[in-house]
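This report refers to the structure that appears directly beneath it.
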Amino acid sequence: MALLDLLKHRKSIRDFLDRPVERVKIMMCLEAARLAPSACNSQPWKFIVVDDKQLKDKLGDAAFRGIYSMNSFCKMAPVMIAVVSERSKFLASIGGMFRGTKYYLIDIGAAVEHFVLQAEDLGLGTCWIGWFNERAVKSVLEIPHRKKIDILIALGYYDREKTRSEHSREPIDKIASFNSY
């Protein structure tokens, strides 16, 4: 699929089919993420793929209860991915301090976007989640306490016919200009 067509079609999916995702497709998404650019080539990420149904159900119950229950639709996804923030290289960290920019978050954003676009190209849907019980996720997945999980990704097949509507986006002239603000 042409890139612009892919971008126009991709949406956050909140209604997954009860169909397992092939590991080969998950690996292709991980490869796409691995190829993402990062400040000083830090690659400050680790993707923990949860495709074991029992563990995924336990993770969903822990991550999306209480104040986080608005995202409980993620429990329907056959695969959940926890994106763990790792340390950036020294120069990226120092540059980020001077600029007041958390480059590792930009880097992870690029990697996750590569992941979700590859998933869409393979006929899979995703939803990028930032509202979840991080402490519970760390406990279930045995992630060290000092690590940070900024993103969870719900991944699975979906009914493409139900999601045909166009995105509502601002016009180009409202979001971009040439040569001055």
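Derivation of every value follows stated rules applied to the coordinates shown; laboratory data play no part. Everything numeric in this text was worked out from a predicted model, so none of it was measured. Glycine gets a Cβ as well: all are built from the backbone with ideal geometry, and neighbour counts include every protein chain shown.
So the values come out like this:
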quantity	calculated
Built amide H within the under 5 Å cut-off of GLY125, gap 5+	GLY156, TYR157, TYR158
P(r) histogram, all alpha-carbon pairs of the chain included - 10 Å bins from 0, percent	9, 33, 35, 19, 4, 0
Long-range HN-HN contacts of SER42 with modeled amide H, under 5 Å	LYS89
Nonlocal amide H pairs with VAL79, under 5 Å, H built at 1.01 Å	LEU155
Among ALA82, HIS167, SER139 - extreme Cα towards positive end, dipole of the chain, charges at beta-carbon	SER139
Listed peptides 105-112, 155-162 by packing density, highest first (mean Cβ within 10 Å)	105-112, 155-162
Given LYS46/LYS75; LYS8/LYS102; LYS46/LYS138, the pairs whose alpha carbons are separated by over 23 Å	LYS8/LYS102
